[in-house]
Amino acid sequence: MLIETQNTPDPEVINFFPPVKILKSGRAEFADAKSMRKSPLAEKLFDLGGVQSVFMTEEMISVTKEAGASWDDLKPLVLAEIMDHLSLGEETLIEQADTAPGQDEIIGQIIGLLNARIRPAVKQDGGDIVFKKFDKGIVYVEMKGNCAGCPYALVTLKEGVEKVLKNYIPQVKEVRACEKNAEGDNS
């Protein structure tokens, strides 16, 4: 996947132009921990370190680095994260309709636990787990890679993922796997 880059008049900012659509419509900006929870890609970019903010449109991802960071070190890492994210077909922006009060905070906790405690273990087996949505106490996730279709995936979900999430987040009642495009999402 060829991702074009463009330097800007601001030496702290580089624009990245992947060959696929980034957002379905509109734009989104991520400059703090709460906002980036709504974008798995933004969260991955911030996890690299040295990233101050991320701005996305349908065609572009604009990354602003921190003053002390070097583009020589950061640019290849940003390119790799964008390529990995888009090649896996993961959602760039998690859209939540009519979230209840406090729901954003719960979703942030769920995504944080998945990234910190569960994804590293699943990745060791050549798979991945991606948060899809949280609705009425049920966490919907998608198993990817070697975990997609694995006979032990249900055991992993119920005995691993569900137990961890229920232990730390009382609002979580169950974890279910959802198949890609199972809910009519043809993107």
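The values are calculated or read from the model by the stated rules, or taken from the named source; none is laboratory data. Source: prediction; values computed, not measured. Counting neighbours? That spans all protein chains shown, and the Cβs are built from the backbone with ideal geometry, glycine included.
Brief remarks follow.
- Scanning the stretch 126-169 for residues that are under 15 Å from the mean Cα position of the chain (by Cα) and of a type in the set (Lys, Arg) gives Lys132, Lys133, Lys144.
- Any hit, the stretch 45-55, residues being under 27 Å from Leu114 (Cα atoms), among the hydrophobic types (A, V, I, L, M, F, W, C) and assigned to a loop (DSSP other than H, G, I, E, B): yes
- Ala31, sole failed condition from (1) farther than 25 Å from Arg119 by Cβ; (2) out of contact with any helix residue (DSSP H, G or I) (no Cβ under 9 Å at 6 or more places or on another chain); (3) aliphatic (A, V, I, L, M): (1)
Residues are listed down the side, and each one gets a yes or a no for (1) under 28 Å from Lys24 (Cα atoms); (2) aliphatic (A, V, I, L, M); (3) in contact with a strand residue (DSSP E or B) (Cβ under 8 Å, 6 or more places away or on another chain):
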residue: Gly68; (1), (2), (3): no, no, no
residue: Gly112; (1), (2), (3): yes, no, no
residue: Gly127; (1), (2), (3): yes, no, yes
residue: Lys136; (1), (2), (3): yes, no, no
residue: Leu157; (1), (2), (3): no, yes, yes
residue: Gly160; (1), (2), (3): no, no, no
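- Residues in the stretch 116-130 that are in contact (Cβ under 8 Å) with a residue 40 or more places away in the chain and either aliphatic (A, V, I, L, M) or over 13 Å from Leu165 (Cα atoms) (or both): Ile118, Asp128, Val130.
- Checking Ser39, Ser25, Ser53 one by one, the residue that is within 15 Å of Glu90 (Cα to Cα) and of a type in the set (Ser, Thr, Tyr) is Ser39 and no other.
To keep it simple, each residue is scored yes or no on (1) of a type in the set (Val, Ile, Thr); (2) crowded, with 20+ Cβ neighbours inside 10 Å; (3) over 15 Å from the mean Cα position of the chain (by Cα); (4) at pLDDT 85 or above.
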site: Thr5; (1), (2), (3), (4): yes, no, yes, yes
site: Thr8; (1), (2), (3), (4): yes, no, yes, yes
site: Ile14; (1), (2), (3), (4): yes, yes, yes, yes
site: Arg27; (1), (2), (3), (4): no, no, yes, no
site: Lys34; (1), (2), (3), (4): no, no, no, no
site: Asp47; (1), (2), (3), (4): no, no, no, yes
site: Ser53; (1), (2), (3), (4): no, yes, yes, yes
site: Glu58; (1), (2), (3), (4): no, no, yes, yes
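- Listed by first and then second residue, the pairs linking a residue in the stretch 74-94 that is under 20 Å from Pro11 (Cα atoms) to a residue that is small (Gly, Ala, Ser), with Cβ atoms under 7 Å apart and 6 or more places separating them unless they lie on different chains, are Leu74/Gly50.
- In the stretch 60-80, the qualifying residues are those that are surrounded by 19 or more Cβ atoms within 10 Å (Cβ to Cβ) and touching a helix residue (DSSP H, G or I) at 6+ places or on another chain (Cβ under 9 Å), and the one that is farthest from Lys144 (Cα to Cα) is Lys65.
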